[in-house]
Each structure stands twice: as C-alpha cells, then as structure tokens.
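Below is one structure, written out as structure tokens, with a few remarks after it.
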Amino acid sequence: MLQSILTRARKRNLSVSEMDKQDAWQRTVLSAACVSNDKTVIEKELRVLENMIEMHEDIECISISFEWL
C-alpha cells in the first residue's frame, strides 16, 4: 500500500521518502519535496499527495505540515 503511494507520487513532480519509523510495524513518517517557481503548483502537487494518502481507508494520517524555503 505504501509502496504504491510512493510510486504514484514519484510519477508526479514530487520527491517522497520515508524519513522515520521504518523499523516500526505499521508506522512511518513521510517527507515530500517539490520544486517550482510557482507556489500554487507546489501546493497543488502536495494536495494531490495528501489526497492519495487519504484515499486509502487503511491509512490514518496523524499530521501534515508544510515548510516553504
């Protein structure tokens, strides 16, 4: 399930990685990065990723945060 989300996200303009909890059963921390000269494009791509995660009934998303550089 997680692998399919990662694969689909990488087909878009997103770089996604598991950052923490890889050894914990049924838990993970994902980080996504997107580069563009237009903030609205980045926001759209990140919302698509958020929707991909939320579409899976077996996945519970605890928190989402955004950081702009």
So if a site counts as exposed when it's one of the GluC sites (Glu not before Pro), its DSSP state isn't H, G, I, E or B, and it has at most 12 other Cβ atoms within 10 Å, what's the longest stretch of the chain without one? 1-56
Which entry in [x] 14.3, 53; [y] 12.1, 38; [z] 11.8, 35 matches Rg and Dmax of the Cα atoms in Å derived from the coordinates of this structure? [y]
Can you list residues from other chains, or at least 5 along the same chain, whose modelled amide H is less than 5 Å from the amide H of L30? M19
As a check on your grasp of the helix formula, calculate [θ] at 222 nm for the chain: sum -39500 (n - 2.57) over DSSP H runs of n ≥ 4, divide by the residue count, round to the nearest 500. -12000 deg cm²/dmol
Give the peptides 9-15, 34-40 in descending order of average Cβ contacts within 10 Å, highest first. 9-15, 34-40
Hz values of 3J(HN,Hα) by residue in the range 55-62 - Karplus curve (6.51, -1.76, 1.60), Gly and Pro given as x: 5, 7, 5, 7, 9, 10, 8, 7
Using 7 Å Cα-to-Cβ label points, what is the E57/S15 separation (nm, one decimal)? 3.6
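Coordinate-derived values only; no laboratory data. Every value quoted in this text rests on a predicted model; they were computed, and no experiment measured them. Note that we place each Cβ from the backbone using ideal geometry, even for glycine, and neighbour counts take in every protein chain shown.
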